[in-house]
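Working notes, beginning with the structure itself.
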């Protein structure tokens, strides 16, 4: 029926059309933690009950709240209404997740009872997220609740409903168009109207000459005076001759000074609030006072602690957040507020810092990962929480020109960060001296986090299982490529190394390699690439991690994943050494003096020195000397070489020794990391795997594993199903020259592959987590975990990953 989902948003959901209408919605969902979600739901129920108690008791138990309600036209008539309370058809609480208070995790900036929008966002979110959806049933409930209210007051009678909006406010007008269609029933006719079209004749209310029974409104109570016969309509309402939804008396709950009143009750330990109600107010409503000439000095002196907003404010107009102002701007804002206070009253509210989280913004062509502030609209109908929307903003205020919404779900994080109360300054010396690691800072920020990342047990088990299953597939693929190396040499971009591949003596898949894994937005594991030759992070995973775990005071409930990493490295090293049949070998561990290469090579050298009987030497690869058919490092003859150095560089270097070394490999000298590891190192490996699927090279089980865990990867971007992809140089390393498609001006004219983009969650600090799984041979060995950008580069952070243990 619709050409694409944007057409459905426009024509079915009545989204406002503009040049940038595609920027309003992104289909990549946000998932909230269960605990936070439950806090929103439970607290919203309590706050709603409190607000309605005050509203319904305004002329009795809570009569003293009247002085907190600023005057507006027909205020006295409205709060003096005696008709029984009408069910609140719709309301929305604007909630936020706090960034800086563990005891108070959420707060509500305001309660919108008068004209709550965002119904469309909840409907779209219900439709587009298939599981763990907080909006399941939203549409049925909101439509059903309206029918329930209609049937309660009018039974099966045919009625007309005037949907009251201000046509100048496009959002409300478009929502009226949406509900005109969605609320349609044989006994209900919806008439969209502005204030000037409603009038009273002979004690009956009319709209465009149609007698109406219900006024359904997204229209401010304080502006109802714009209906010329509003006083008579209020009388008819009080006499049960017309129904207004929401009941005009909801202005009592809408009034932002309700916060001031409730805090006064809390401060005075007023018995009208029970203990639970006081607790909820303290935890979820920022401390609030009405702004007066007596307390205005507070925000003047401490601007960063306060927000000032109008009691009857709408659309974030005249909301002043001190921390977003410079001193001069704040002075100007305070002057403006002083001049306005006699016209419209303001409240002074405690500033609560909002949590900044990762979301995906759609720019009309691509989804871009960005940090934003989520405004979580908790939607209530007939006293029940029926849904929630999230609107994202680049700043604290929700502004229509910049906001976008996404589907919202709820589930537990598979990663949890655990604080260790350990500071990097406490262990710097030990890391440098005992760990022999000096890269504690990167670009003036800490590279090492002293907290721990906890991965839930089931997810870790799947990661280990998937790693080893894929390693078997990789080995099968590697063997096929070796058997046909003349055919694949050019495809792998290892021209000039084909003959060397034929000299491979070991059947082992690797000495030590690493696969880089991520979790997608739905917590599915995806492996992005393999580093079979020069896997970084070994020093961090072995020595730095040992120091952190030894120094921090941690409880049980989790287990070290890397506890056997050293043992597995040594075991696989011995297996390879024995396969070369060299008696009492001397092993040289060599690399360039580039920091990462040097520190990882040194770590492997230390592991061998500490736990093996081999003679080991460590140094600069450029210091290797070839004399005849012998290789020396600093005068010591070596038999086996661990090279933290890509194989393809040997034939590209001007260094004659390194070029000559290749001719001796697997004859007079051997590499600890097998020469065939460059096959997996090549980014062509994944496109070849997908090409071999088409040739039925793999079993049904293997094909399923490949498609489940490896993003589709190809040499031809025309084979991609989306314009969302990454390009990667075939022999690139360290994330260099990897680019997202939205950053491309054109496709580079070089050897690259195209990989389907995987949308991830920001799991720790709102950043992406990459788990490198080490493998020795074809066995899982350990992990190296980094936090960083969507494309992980050197500008990342190391964190110790532990396996969670269920009770």
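Is there a residue in the stretch 705-721 that is in contact with a helix residue (DSSP H, G or I) (Cβ under 6 Å, 6 or more places away or on another chain), within 20 Å of residue 487 (Cβ to Cβ), surrounded by fewer than 16 Cβ atoms within 10 Å (Cβ to Cβ) and without any contact (Cβ under 8 Å) to a residue 40 or more places away in the chain? Looking through the stretch 705-721, none of the residues is in contact with a helix residue (DSSP H, G or I) (Cβ under 6 Å, 6 or more places away or on another chain), within 20 Å of residue 487 (Cβ to Cβ), surrounded by fewer than 16 Cβ atoms within 10 Å (Cβ to Cβ) and without any contact (Cβ under 8 Å) to a residue 40 or more places away in the chain. Here residue 777 meets the list (1) buried (at least 18 other Cβ atoms within 10 Å of the Cβ); (2) in contact with a strand residue (DSSP E or B) (Cβ under 9 Å, 6 or more places away or on another chain) almost entirely, failing just condition (2).
Test residue 613 against the criterion of being modelled with pLDDT of 90 or more and surrounded by fewer than 22 Cβ atoms within 10 Å (Cβ to Cβ), and give yes or no. Considered against the rule, which asks whether it is modelled with pLDDT of 90 or more and surrounded by fewer than 22 Cβ atoms within 10 Å (Cβ to Cβ), residue 613 comes out as no. Residues to consider are 146, 179; find the one that is assigned to a helix (DSSP H, G or I) and either modelled with pLDDT under 95 or over 29 Å from residue 393 (Cβ atoms) (or both). Going through 146, 179 in turn, the sole match is 146. Candidates in the stretch 65-87 are the residues that are closer than 17 Å to residue 260 by Cα and in contact (Cβ under 8 Å) with a residue 12 or more places away in the chain; of these, the one that is surrounded by the fewest Cβ atoms within 10 Å (Cβ to Cβ) is 66.
Selection over the stretch 355-409 of residues that are over 12 Å from the mean Cα position of the chain (by Cα) and closer than 22 Å to residue 48 by Cβ gives a count of 18. Condition check for residue 98 on (1) touching a helix residue (DSSP H, G or I) at 6+ places or on another chain (Cβ under 9 Å); (2) surrounded by 15 or more Cβ atoms within 10 Å (Cβ to Cβ); (3) over 20 Å from residue 311 (Cβ atoms): one failure, at (1). Note on the stretch 501-553: residues that are touching a helix residue (DSSP H, G or I) at 6+ places or on another chain (Cβ under 8 Å) and part of a helix (DSSP H, G or I) total 11.
Can you spot a residue in the stretch 32-48 that is in a loop (DSSP other than H, G, I, E, B) and either in contact with a helix residue (DSSP H, G or I) (Cβ under 9 Å, 6 or more places away or on another chain) or more than 18 Å from residue 366 (Cβ to Cβ) (or both)? Yes, that holds for at least one residue.
When the criteria are applied in full, residue 505 fails the requirement of being over 36 Å from the mean Cα position of the chain (by Cα), outside the structural domain of residue 369 (by the TED database) and free of Cβ contacts under 8 Å to residues at least 12 places away in the same chain. Residue 632 fulfils the conditions (1) touching a strand residue (DSSP E or B) at 6+ places or on another chain (Cβ under 6 Å); (2) surrounded by 19 or more Cβ atoms within 10 Å (Cβ to Cβ) except for a single criterion, (2).
For every residue, the table says whether it meets (1) surrounded by 19 or more Cβ atoms within 10 Å (Cβ to Cβ); (2) modelled with pLDDT under 95; (3) assigned by the TED database to the domain that holds residue 150; (4) in a strand (DSSP E or B).
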| residue | (1), (2), (3), (4) |
| --- | --- |
| 332 | no, no, no, no |
| 368 | no, yes, yes, yes |
| 378 | yes, no, yes, yes |
| 387 | yes, no, yes, yes |
| 400 | no, yes, yes, no |
| 421 | no, yes, no, no |
| 430 | no, no, no, no |
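Assess whether residue 410 counts as being at pLDDT 95 or above, out of contact with any helix residue (DSSP H, G or I) (no Cβ under 9 Å at 6 or more places or on another chain) and over 21 Å from residue 708 (Cβ atoms). So residue 410 does not fit the description; no. Somewhere in the stretch 219-229, is a residue under 23 Å from residue 14 (Cα atoms) and either without any contact (Cβ under 8 Å) to a residue 12 or more places away in the chain or touching a helix residue (DSSP H, G or I) at 6+ places or on another chain (Cβ under 6 Å) (or both)? Within the stretch 219-229 (the criterion being under 23 Å from residue 14 (Cα atoms) and either without any contact (Cβ under 8 Å) to a residue 12 or more places away in the chain or touching a helix residue (DSSP H, G or I) at 6+ places or on another chain (Cβ under 6 Å) (or both)), the answer is no, since none of the residues qualifies.
In summary, residue 686 fulfils each of the numbered conditions (1) assigned to a loop (DSSP other than H, G, I, E, B); (2) at pLDDT 95 or above with the single exception of condition (1).
Yes or no, residue by residue, for (1) at positive phi; (2) under 38 Å from the mean Cα position of the chain (by Cα); (3) in contact (Cβ under 8 Å) with a residue 60 or more places away in the chain:
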{"site": "234", "(1), (2), (3)": "no, no, yes"}
{"site": "246", "(1), (2), (3)": "no, yes, yes"}
{"site": "256", "(1), (2), (3)": "no, yes, yes"}
{"site": "280", "(1), (2), (3)": "no, yes, yes"}
{"site": "284", "(1), (2), (3)": "no, yes, yes"}
{"site": "290", "(1), (2), (3)": "no, yes, yes"}
{"site": "295", "(1), (2), (3)": "no, no, no"}
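With respect to the stated conditions, residue 768 is surrounded by 19 or more Cβ atoms within 10 Å (Cβ to Cβ) and at pLDDT below 95. Set side by side, the residues 545, 533, 508, 540 differ, and just one is crowded, with 24+ Cβ neighbours inside 10 Å and closer than 22 Å to residue 684 by Cβ, which is 533. Checked against (1) farther than 30 Å from residue 448 by Cα; (2) at pLDDT 90 or above, residue 749 meets all criteria but (2).
Would you mind finding the one in 168, 118, 125 that is without any contact (Cβ under 8 Å) to a residue 60 or more places away in the chain and either assigned by the TED database to the domain that holds residue 17 or at negative phi (or both)?
On inspection, the qualifying residue turns out to be 168.
Of the strands (runs of 3 or more DSSP E) entirely within the stretch 598-657, none holds at least 2 residues that are assigned by the TED database to the domain that holds residue 572 and at positive phi. In the stretch 117-128, the residue that is farthest from residue 385 (Cα to Cα) out of those that are at pLDDT 95 or above and in contact with a strand residue (DSSP E or B) (Cβ under 8 Å, 6 or more places away or on another chain) is 124.
All of (1) touching a residue at least 24 places away in the same chain (Cβ under 8 Å); (2) under 22 Å from residue 109 (Cα atoms) hold for residue 317 with one exception: (1).
The values are calculated or read from the model by the stated rules, or taken from the named source; none is laboratory data. Values in this document were obtained by computation on a predicted structure and should not be read as measured data. FYI the Cβ positions are ideal-geometry reconstructions off the backbone, even for glycines, and counts take in every protein chain you see.
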